[in-house]
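Structure in structure tokens, see below.
None of the figures in this text is laboratory data; all of them are computed from the coordinates on show. From a predicted model like this one, the values you see are computed outputs, not experimental measurements. Because the Cβ atoms are built from the backbone with ideal geometry, glycine has one as well, and the counts that use them run over all protein chains shown.
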Amino acid sequence: MIARRAVVLAALFLLLIGPRPARSQSPWLVSGRLALVEERVDAGFDLERFSGVGLGLEVERRLGSRFTIGLGGQGATLQPDASGDLDRRIGEAALNALMSMTPAWGFYGGLTVRAIANDAGRQRWLLGRIGAEVRPAFTGDRFRAIGRLGVIPISSVDGLSPSSLAFDGAAGLEYQQDRWALKLVYGLERFAFTSSTGARRDEQFSTLTFRGGIRLR
Amino acid sequence: MRRLVVAALLLAALPGRAHGQDSTALVLQQARDLYERVELERALPLYRGVLSSSWRFEVTQAQRVEANLYLGAALLLLDARDSALVHFRAALERDAFADLDPSRFTPAQLEAFQAARQSVFAIGLRPVNAVRLDPRAGKMTFVIATTHAAAVRGEIRLAGQETSFPVFVGEIQGGGLREIEWDGVLPSGQLAPSGRYAFVLLARSRVGAPGGSTRVTDSTAAYFDVKQEYAALEDTLADLSSADLLPETYRASPAAGDLLKGLSVAVGALLLATVASDQDLGGAKGMATAVGALGVAVGVASFATRGRARPENVAANEQRRAGRSAANAEIRRRNAERLAQTVLLISPAAGRSN
């Protein structure tokens, strides 16, 4: 309930400060993603660790001088470290938005639908996140450092109660030319769920994502 | 004599100075009518009256010249040649353009007038007419006259300056009229700049100083204004200031900031992998290290570039300078085209010297 209220307040805040009128529509940015994905789970038995490579696609569009929205999807197959565990397949789609307060920082938010499946079953995730992002430019404006930290007030996972602790963060670099952009980001998502049986379940996703994109004219 | 007195009394009765010239013109018209009817004895007193120092009405130069000419012509018809010559010379001294119409005067009168021209030396210069002079197609004209053969030099001086340049140097054979043309161009080939000018005419008689003539040189001048007229010119673009140009070298303080940013990326990644990660689950330190290493590398590389040239900015500045130069060249070309279409507005100015 508190989480939903926070989302509503954040949405109202974004609407109030609103985007500036667009001076000119920026081009679309279409990107491919290659990610190292690692999932760590502790359901009270022992640490389970899965890792693998994911591929994804993302489309971004800048609206005006401040607002950027993006739609992306990614799929990955994760192999367990322990030989007895089953492989996991992760697929997700995300709708993200970034509102720049200045060129160096802004707010981000997004909704992610994620499915995690193995041969035994399937779990559906719905995540809503909001946070702040800093993007200071290096001299020449080609490179930008990226740092973000936010909360995930919406974390609805099949069979689990909402996470009592959920946040995400990222650090990385972005390089932009006129037509194309490269990005390398280390991201972290951390959750603390309670299962239907009352057992604590900690989950953590780490990703090292390389993104290469081209701007459409 | 009685009629002259009556006429004088009638004229004297006319009120006001405004009628002065009209009165003189009236008497001259009356005298001319008498002359035409060969009533010379009646015309002479009228002409003499106009030329008399006691004439109380205003008399223009042209009226004096006319009076002298007709008086001379009348005296010649009355066989008073010497007196006629005196009046012809007086007319010529006042106005070198003075002449007798061959269709209205007898050969004897014309011959006497020519004799008078030889015995007196005077030059004349007509006032400058207002004209719009296109130096590419037209010329302005100075009309001069001498009473007899003379060496003449016509020159133009910019008022207030010592320099002058001749527009005519030569002989006028036998005297008479001469037109001197000027295209508005200085000897340097440039158009005459706006300002006040004087056309100065200097002449020396080629006849010498025969009996009766006391003057062998003469000079006169006419002033005129020149104004250049052309379409408004455009201003060239101002020099590029430092605010208009990109920095052409990497500076030290931003480079230090870049190093700090790179280190911050590394620190942030490591914090995520350690502090922010679940202590029980552990963090993906390998991923954080990869990003951190890249951040440090970019920061150090950026820091190392301090003081070095920034080719992209140098090129951009060159492009801006070239663009400005090209724009200025185009403006100068358009201005030159407009200046090439310059016309000179010539107008007579006050001032005349003899």
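Just the number, please: Stokes-Einstein D of the range B:74-187 in µm²/s, Kirkwood Rh from C-alpha pairs, 10 °C, 1.306 mPa s.
Working: Rh = 16.1 Å.
Value of D from the Cα-based Kirkwood radius: 99 µm²/s.
Also, I was wondering about something else. Would you mind getting the Kirkwood hydrodynamic radius of chain B from its Cα pairs, rounded to one decimal in Å?
28.4 Å
In addition: Where does the Debye-calculated log10 I(q)/I(0) of the range B:266-354 sit at q = 0.16, 0.26 Å⁻¹, using only Cα point scatterers of equal weight, no solvent?
Ignoring solvent entirely, the Cα scatterers give -0.85, -1.16.
Follow-up question, since we're still on this one. Tell me the relative contact order for the range B:65-155 as a rounded percent, counting alpha carbon contacts under 8 Å between residues six or more apart.
Answer for the range B:65-155 is 26 percent.
If you don't mind, another one. Which three numbers, in whole Å and largest first, are the semi-axes of the equivalent ellipsoid of chain A derived from its Cα gyration tensor as √(5λ)?
32, 21, 14
Okay, helix-only estimate at 222 nm for the protein assembly as shown: each DSSP H run of n ≥ 4 adds -39500 (n - 2.57), divide by all residues, round to 500 deg cm²/dmol; what do you get?
Taking each H run of at least 4 residues, the total per residue is -10000 deg cm²/dmol.
Divide the volume of the convex hull of the Cα atoms of the range B:179-336 by its number of residues and quote the answer in cubic angstrom per residue. Write down the numbers at each step before the final one.
Details: hull volume 32.1 nm³, N = 158.
Per residue, the Cα convex hull of the range B:179-336 comes to 203 Å³.
What nm value, rounded to one decimal, do you get for the distance between residue B:230 and residue B:313 when each label is placed 7 Å out toward the C-beta?
Placing both labels 7 Å beyond Cα along the Cβ direction yields 4.1 nm.
Compare A:137, A:82, A:117 in a GNM of chain A, Cα atoms joined below 10 Å, and give the one with the largest fluctuation.
Looking only at A:137, A:82, A:117, the largest GNM fluctuation is found for A:82.
List the lysines whose Cα lies under 18 Å from the Cα of residue B:139, skipping any in the same chain that are fewer than 8 positions away.
The qualifying lysines are B:227.
A further question on this structure: Using alpha carbon centroids, what distance separates the range B:222-264 and the range A:62-101, in Å?
47 Å
Let me ask another. Grab the alpha carbons of the range B:120-224, take their convex hull, and tell me the volume per residue in Å³.
With only Cα atoms used, the range B:120-224 gives 101 Å³ per residue.
Run down the aspartates and glutamates and flag those whose C-alpha is under 17 Å from the C-alpha of residue A:183, throwing out any fewer than 8 positions away in its chain.
A:58, A:60, A:133, A:141, A:174
Tell me the label-point distance for the pair residue A:71, residue B:324, using the 7 Å Cα-to-Cβ offset, in nm and rounded to one decimal.
4.8 nm
Kindly state, as a whole number, the per residue volume in cubic angstrom of the convex hull around the alpha carbon atoms of the range A:131-181.
94 Å³
With the contact rule set at Cα under 8 Å and sequence spacing of 6 or more, what percent relative contact order holds for chain A?
Across chain A, relative contact order equals 18 percent.
Can you pull the percent of Cα pairs in the range B:237-295 with separation above 14 Å?
Details: 1141 of 1711 pairs.
Tail of P(r) above 14 Å: 67 percent of Cα pairs.
If you take the beta carbon distance between residue B:181 and residue B:114 as r and set R0 to 25 Å, what does 1/(1 + (r/R0)^6) give as a FRET efficiency, to the nearest 0.05? Working shown, then result.
Numbers: r = 28 Å, r/R0 = 1.12.
Plugging the Cβ-Cβ distance into 1/(1 + (r/R0)^6) gives 0.35.
What number, in percent, do you get for the relative contact order of chain B if the mean sequence gap of Cα pairs under 8 Å and at least 6 apart is divided by its residue count?
Details: 577 pairs, mean separation 51.7, N = 354.
It comes to 15 percent, rounded to a whole number.
Same structure again: Dimensions of the protein assembly as shown along principal axes (Cα, Å, largest first)?
The principal-axis extents, from largest down, are 158, 50, 35 Å.
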